[in-house]
Amino acid sequence: MQKFRLMTDCLDSHSELYPQKPAYIFLSEKLVTEEELTFAQLRIEARQFAGRLLETAQSGDRALLIFPAGLDFIIAFFGCLYAGVVAVPLCPPNKKRSQRTLQAIIDDCSPRLIITLKALSSSLQDQDHRESLSWLEMDDLRGRQQFTFLPDHLAVEAEDLAFIQYTSGSTSTPKGVMVTNANIVANQAMIRDAFSHDEASTVIGWVPHYHDQGLIGNIFQPMFVGATSVLMSPVTFMRWPLRWLQAISIYQAHTSGGPNFAFGACVKALEREPEIELDLSTWQVAFNGAEPIRNETMSEFQAAFQRFGFSREAVYPCYGLAECTLQASGGVRGTGMITLNVDRQALRDGKILPTDTASCQTLVGSGKALPGTRIEIVDPLTRKPRTPFEIGEIWIAGPHIARGYWNQDPLTAGTFANHLSGDIQPPYLRTGDLGFVHQGELYVTGRIKDMVIIRGKNYYPHDIEHNVSTAHHSLENSACAVFSLLDTEDKLIIVQEVRREWRKKIDGDEIISIIRQAVVLNSEITPHDIVLLMPGKLLKTSSGKVMRNAIRTQYIDKKLERWLG
């Protein structure tokens, strides 16, 4: 098996082995090929763009890549890799908040230039704080018959910085994770082996390209093995979830996946369109990379799509984060989900008590540590490993752990340079996530920063949020935020979106009463306040994670857009 030093080595090799094979296909809303790049075409265009890039920038300079869904981003990114320019992929800003985030990122990483398209360039340059930056418009450059070739003497090293992945900011302001070429290649080898990928393993993806799952999983992994990547806009998925599965059916995909909510959205879409025709028999790796992964969601998905050839063994729970490039753990392909029933009260106390009583909670495992990865469950205060059946912070070590956070040395030291008490092993990454390992399987239970503490007891917000969203069919799934406030006593606050089609049909007092009953019944806690929001008004990151801290601030500042039915 060939070993690669850089992702550009993969492209160089595959353009010789499979010059006319499609490397990337981008689909329109109607699942028609909108654009296609063969391995040979991509190599030529990326190297030409790298030469043009070096007329404006030098190796090591940062370049913001701001693109809508499509293949221009991929040419630009590989051009940056060839040139040694550090790519910074970002979500196109469209609201005041995202524009403020963009300015904060510009201030943080001091980019030399912005690479984008004409349509975005005009709106971005309207912002007066961007006058000092150089601009490259990809569609303008690709339309010209002018070729600037990459210098032969340019040397890009494995330990050089490849790109900066700004974290989603679900729990804090975005931070720039510094990912090296060596980090990428190490994680790609892990994913290839875990998913059993080869050059015939077509991958279908809709997760945004500026998200680590979309970039590392759906764009880089197919390139690493010489497979075809079929991409579609996340907007297409959001509007018509079943078109994701139709693409899998049409292209006979080996691998595709997304966050937990995506599988639930497909189940609901099938109820509206039960006569759809699908063939999911080739889908061998249906990865679910969210935490927590819900047993109910995946069981419902298996039951709903079994008649289309979907195999329950294809379900592939996994876990990762940008700070370890992408993936840290995953199941054994072909074994499906591994679950564990535990006592609810013990779980709140930070302990694991396996049980099969009626009141148990079912947890889904996120697989075992990938080869070359070490995972420890650690007491975050004493830095000592937790004993079996105790919950602690998840610590990770391995060659895919990123270099740190850009321009934040103290935070880098506190997050990336940790040692177990009395241990001289290489340092660990502190993930901020809570979990435990049982029989080698990692179970992720929540995030330290998101824990809700009421009268000294710990509650996982995602459990309460799930109980709220499922309490009544007028409430939007995956659109709830739970947090606590400390006044004279601890107070539980619940913020929940109303579904668009129900916003004029419900009795708000009745729905709030139903929510309160559900929380008391399942969590044995009485909410202090329950807020119903207008549809689409719950703050989320670009990857769909609920921004609990930001919503908490909105609540305190009385800025929530309440439903007033």
> Given the conditions (1) hydrophobic (A, V, I, L, M, F, W, C); (2) modelled with pLDDT under 95; (3) under 21 Å from the mean Cα position of the chain (by Cα), which single one is not true for F73?
Replying inline: (2)
> Residue check: is E465 at pLDDT 90 or above, in the same structural domain as G330 (by TED's automatic domain parsing), surrounded by 14 or more Cβ atoms within 10 Å (Cβ to Cβ) and acidic (D, E)?
Replying inline: no
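Could you say whether any residue in region 25-32 is of a type in the set (A, V, I, L, M) and free of Cβ contacts under 8 Å to residues at least 12 places away in the same chain?
yes
Inspect all residues belonging to region 70-83 and state whether any of them is of a type in the set (F, W, Y) and either in contact with a Pro (Cβ under 8 Å, 6 or more places away or on another chain) or part of a loop (DSSP other than H, G, I, E, B) (or both).
Taking region 70-83 first, the residues of a type in the set (F, W, Y) are 73, 77-78, 82.
This time we only want the ones that are either in contact with a Pro (Cβ under 8 Å, 6 or more places away or on another chain) or part of a loop (DSSP other than H, G, I, E, B) (or both), so: 73, 77.
The answer is yes, given that some residue of region 70-83 is of a type in the set (F, W, Y) and either in contact with a Pro (Cβ under 8 Å, 6 or more places away or on another chain) or part of a loop (DSSP other than H, G, I, E, B) (or both).
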> With F305, F301 as the choices, which residue is over 18 Å from G214 (Cβ atoms), over 23 Å from the mean Cα position of the chain (by Cα), in contact (Cβ under 8 Å) with a residue 24 or more places away in the chain and not assigned by TED's automatic domain parsing to the domain that holds G70?
Replying inline: F305
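Could you check region 221-242 and list, in sequence order, the residues that are assigned to a loop (DSSP other than H, G, I, E, B) and out of contact with any strand residue (DSSP E or B) (no Cβ under 7 Å at 6 or more places or on another chain)? Don't jump to the end; show me each part of the working.
Of the residues in region 221-242, the ones assigned to a loop (DSSP other than H, G, I, E, B) are 226-228, 232-233, 240-241.
Matches in region 221-242: G226, S233, W240, P241.
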> Can you tell me which residues in region 12-56 are in a helix (DSSP H, G or I), within 17 Å of T202 (Cβ to Cβ) and aliphatic (A, V, I, L, M)?
Replying inline: L17, L42
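Does G51 fit the bill of being of a type outside the set (D, E, K, R), on the phi > 0 side of the Ramachandran plot and not assigned by TED's automatic domain parsing to the domain that holds A550? Show your work before the answer.
On the way: of a type outside the set (D, E, K, R): yes; on the phi > 0 side of the Ramachandran plot: no; not assigned by TED's automatic domain parsing to the domain that holds A550: yes.
So G51 fails the test.
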>> Among the listed residues L321, L280, identify the single one that is over 26 Å from G435 (Cα atoms), in contact with a Ser or Thr (Cβ under 7 Å, 6 or more places away or on another chain), crowded, with 17+ Cβ neighbours inside 10 Å and outside the structural domain of H211 (by TED's automatic domain parsing).
In response: L280
>> Between a residue in region 35-58 that is charged (D, E, K, R) and any residue that is assigned to a helix (DSSP H, G or I), which pairs come within a Cβ distance under 6 Å, given they are 6 or more apart or on different chains?
In response: R43/L11; R43/S15; E45/I75; R47/Y82
> Can you tell me which of A290, A286 is touching a Phe, Trp or Tyr at 6+ places or on another chain (Cβ under 8 Å), assigned to a loop (DSSP other than H, G, I, E, B) and either outside the structural domain of E376 (by TED's automatic domain parsing) or closer than 24 Å to G372 by Cα (or both)?
Replying inline: A290
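Could you check region 463-561 for strands (runs of 3 or more DSSP E) lying wholly inside it with 2 or more residues that are more than 30 Å from K175 (Cβ to Cβ)? If you could, list the steps in order and put the result at the bottom.
Details: elements: 475-486, 490-498, 529-533.
Qualifying strands (runs of 3 or more DSSP E): 529-533.
Tell me, which residue of region 98-129 that is within 20 Å of the chain's Cα centre (by Cα) and of a type outside the set (A, V, I, L, M, F, W, C) is modelled with the lowest pLDDT?
Residues of region 98-129 within 20 Å of the chain's Cα centre (by Cα): 98, 101-102, 105.
Narrowing the set further to residues that are of a type outside the set (A, V, I, L, M, F, W, C) leaves 98, 101.
On the way: S98: 72, T101: 81.
Selected residue: S98.
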> Somewhere in region 404-415, is a residue without any contact (Cβ under 8 Å) to a residue 60 or more places away in the chain, surrounded by 22 or more Cβ atoms within 10 Å (Cβ to Cβ) and in contact with a strand residue (DSSP E or B) (Cβ under 8 Å, 6 or more places away or on another chain)?
Replying inline: no
> Within the bounds of region 90-112, is there any residue that is closer than 23 Å to L11 by Cα and of a type in the set (V, I, T)?
Replying inline: no
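Mind checking which residues of region 305-361 are assigned to a helix (DSSP H, G or I) and touching a helix residue (DSSP H, G or I) at 6+ places or on another chain (Cβ under 6 Å)?
Taking region 305-361 as the starting set, the residues that turn out to be assigned to a helix (DSSP H, G or I) are 305-308, 312-314, 322-324, 344-348.
The answer is R312, A322.
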>> Restricting to region 74-100, give me the number of residues that are over 17 Å from S123 (Cβ atoms) and touching a residue at least 40 places away in the same chain (Cβ under 8 Å).
In response: 14
> Any idea how many residues of region 174-209 are part of a loop (DSSP other than H, G, I, E, B) and over 19 Å from R403 (Cα atoms)?
Replying inline: 11
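The values are calculated or read from the model by the stated rules, or taken from the named source; none is laboratory data. A quick note: this is a predicted structure, and the numbers were derived from the prediction, not measured. Cβ atoms come from the backbone with ideal geometry, glycine included; neighbour counts cover every protein chain shown.
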